[in-house]
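Bear in mind that the values in this text are calculations on the coordinates, not laboratory data. Source: prediction; values computed, not measured. Virtual Cβ from ideal backbone geometry, glycine too; neighbours counted across all protein chains shown.
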Amino acid sequence: MAHSLELLLDEAADQHVRDEWAALAGAGLPHQGSVVSTTNRPHVTLVAASSIDPGVDAALVPAAMTLPISMRLGAPVLFSNRGRVTLSRLVVPSAGLISMHARVTRVADGHIGPDTPESMLAHTRPGRWTPHVTLARRLDGVQLARALEVLDLRAEPTGTFVALRRWDSDAGTDHILAGRAC
């Protein structure tokens, strides 16, 4: 499983995404809110790898202390995998967000072996990363069309990123490095 370093949204932005999850649920569609875990919450993944050394926590505290960072949810974005689609909301990449991503990936590289199975997943490296918040995974074409009908994606809510966390998928735990989780 993948470990990750993630930014968490403020309470209002978090609730907006949860409302979108609920709208999908109300339509009988797959949604990210169906993930049963006390740590499941809207987030933006900065770095993902098969393993991240917990020693990164202390090294990332200075980056986390620069929070909050302004954010805006944008248009829907789709990621395709074997005929199924992940539906997400783009997070409009601000200078602050790009700077945070660059800083976190630089620090994380020192805690992830570049030529080992624990390497940072390519789609989270600078130049390949698309900041987004996931709404639903593994949608087929009919479900995707219905999801786009159900959701009002015209609004582009704003908010802030308020916390940086390290997610350990093996243990099913998250570690808030700095900031305040909703």
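Across region 36-129, the volume of the C-alpha convex hull divided among the residues equals 142 Å³ per residue. The alpha carbons of the chain stretch over 44, 33, 31 Å along the principal axes, in descending order.
The mean sequence separation of alpha-carbon pairs under 8 Å and at least six residues apart, normalised by the residue count of region 31-182, gives a relative contact order of 35 percent.
The trypsin sites (Lys or Arg not before Pro) of region 69-172 that meet both conditions, a loop assignment by DSSP and at most 12 other Cβ atoms within 10 Å of the site Cβ, are 82, 128, 154.
Using +1 on the beta carbon of Lys and Arg, -1 on that of Asp and Glu, and nothing else charged, what's the dipole of the chain about the Cα centre, debye to 20?
380
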